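First comes the structure, then the notes that go with it.
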Protein chains: 2
Amino acid sequence: MIDRLDLPTSIRTRDATVLVRRATLEDLQAIIELLSDDPISAGRGDIASDEDRPAYAAALNRIIDDPGNELLVVSRDEAVVGTLQLTVIPGMARRGSTRLLIEAVRVASTERSSGIGSALMRWVVERAAIDVEAALVQLTSDAAREDAHRFYRRLGFVDSHVGFKFQVTLPASTAR
Amino acid sequence: MIDRLDLPTSIRTRDATVLVRRATLEDLQAIIELLSDDPISAGRGDIASDEDRPAYAAALNRIIDDPGNELLVVSRDEAVVGTLQLTVIPGMARRGSTRLLIEAVRVASTERSSGIGSALMRWVVERAAIDVEAALVQLTSDAAREDAHRFYRRLGFVDSHVGFKFQVTLPASTAR
C-alpha cells in the first residue's frame, strides 16, 4: 500500500524547491545525524555514536523491507536536510478507516524556518494520504515540543489525544 | 514480525481465564458491536449500521492480510468480550527501536471492571512486546477518556506526548 506513494516528488517551500524521495542505505549517516541534531532525541540516546551504527543500519533495512513503512528523506542541492517515516495502518474504527502514521520528523537545524517542515506536512496530508487512501493522518509529539505543537495546529492538526509510551526492557539476547 | 506473537494464549483476569486469539471474518459482527458500544466511537460514526458492514469487512481483510498488523479478540466461554489491534513498526529513533502500537482497545461494557482490560495490557507489554522485539509500546487515548488515562498510568504507561489527528477528505471514488 505504501508503494502507492508517488515518489520521488518535488515540493515547493517558501523560497526553494526540494526533493522528497525514499531513503536508501547511502542516506544512513545523514539520517543518524538528523536524529542526533535535536536535544530531545539526544536525551533518548540518539547521539550518533559509531557503536550504534549497526543498530541504525539494521533498522533502516527493516523499514525498507517492510511493505507498510517508508522512510523518506528531503534533499536540497543533493544534501539531505530532512527525514520522516510514514506507516500505513489498516483499521476497523471510524468505519474501517486506514490511517497514515507520521513518526520521526526531523529537519536540519540549519534549515528550520525555511518552510521545509510545513511544505512536507502539507504534502503528507494533501497528497500522500490520498495516494494510500488514508482518511486519518496521525502523529504524536513530545509534550515538551511546544513550538512543534503550534506548528501542527497551524497546519490543521487537532490535538485531541494523549500519547502514552511504555518502555520495554528486552532480554539482553535480543538483537535490537 | 507480528506472526511471532504466541497465539492463541490464555490470560488470567481477576476471577476468570480468557482466551486471546487472532480475529477471523467470523468475528466481524462481534467486533462491530464492540466498536459501537462506546459513546466516543459512536460519535465518530461507528454505529454498527448494516450499510457500513461491507466497509468493516474490507477493513478486517486488510488487517488480516497485513504482515505488520494483527486484530485480536478476547473471548470468554466462546463469547467475544474484547478486541484490540497491534501494529509492529520498525523505526530509526531511539537507536533503531521497533515499536508496538496499540489501537482500538475495546472491552464489552458488561465486562468492564472485570480486569480483562488490565490483563490484556499486561500481556501486551510483558509478552507480546518481547515476542516482536519492541522496545517501546505506544498508544493514544482520546483526551476525554479520563478513566482510561488513569488506567494506563496505573499500568506504567507515561503520558509524555500529545496526539494530533488530521481528518483527510478522500475523493468520493475512493473505496474506503
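The values are calculated or read from the model by the stated rules, or taken from the named source; none is laboratory data. Keep in mind that this is a model prediction, so the values were computed, not measured. Counting neighbours? That spans all protein chains shown, and the Cβs are built from the backbone with ideal geometry, glycine included. The area values use the complete protein model at the heavy-atom level, side chains included, leaving out ligands, DNA and RNA. Shrake-Rupley method; radii C 1.70, N 1.55, O 1.52, S 1.80 Å.
It is to be established whether one or more residues within region A:38-50 are part of a helix (DSSP H, G or I), touching a strand residue (DSSP E or B) at 6+ places or on another chain (Cβ under 9 Å) and among the β-branched types (V, I, T). Within region A:38-50 (the criterion being part of a helix (DSSP H, G or I), touching a strand residue (DSSP E or B) at 6+ places or on another chain (Cβ under 9 Å) and among the β-branched types (V, I, T)), the answer is yes, since at least one residue qualifies.
When region B:143-169 is filtered for residues that are modelled with pLDDT under 95 and either part of a strand (DSSP E or B) or under 23 Å from A:E126 (Cα atoms) (or both), only B:T169 remains. Quick check on region A:81-101. Is at least one of its residues farther than 30 Å from B:S36 by Cβ, of a type outside the set (K, R) and open to solvent by 20 Å² or more (accessible area, probe 1.4 Å)? So far as region A:81-101 goes, no, none of its residues is farther than 30 Å from B:S36 by Cβ, of a type outside the set (K, R) and open to solvent by 20 Å² or more (accessible area, probe 1.4 Å). Once region B:102-136 is narrowed to residues that are among the hydrophobic types (A, V, I, L, M, F, W, C), over 22 Å from A:G91 (Cα atoms) and facing chain A (nearest Cβ under 8 Å), the residue that is most open to solvent (accessible area, probe 1.4 Å) is B:I130.
When A:E146 is tested against (1) touching a residue at least 40 places away in the same chain (Cβ under 8 Å); (2) more than 7 Å from chain B (Cβ to nearest Cβ); (3) of a type outside the set (V, I, T), only condition (1) is not met. Restricting B:D15, B:D3 to those that are open to solvent by 20 Å² or more (accessible area, probe 1.4 Å), modelled with pLDDT under 95 and more than 14 Å from B:I116 (Cα to Cα) reduces the list to B:D3. The residues of region B:63-96 include none that are assigned to a loop (DSSP other than H, G, I, E, B), more than 10 Å from every other protein chain (Cβ to nearest Cβ) and within 16 Å of B:D6 (Cα to Cα). When we screen A:D46, A:D66, A:D38 for residues that are touching a Pro at 6+ places or on another chain (Cβ under 7 Å), surrounded by 15 or more Cβ atoms within 10 Å (Cβ to Cβ), under 28 Å from B:V137 (Cα atoms) and among the acidic types (D, E), the only hit is A:D66. Quick one: would you say A:A104 is in contact with a helix residue (DSSP H, G or I) (Cβ under 8 Å, 6 or more places away or on another chain), small (G, A, S) and part of a strand (DSSP E or B)? Here the answer is yes, as A:A104 does meet what is asked. For B:A58, all conditions in the list (1) surrounded by fewer than 20 Cβ atoms within 10 Å (Cβ to Cβ); (2) more than 7 Å from chain A (Cβ to nearest Cβ) hold save one; what is the number of the exception? The one condition B:A58 does not meet is (2).
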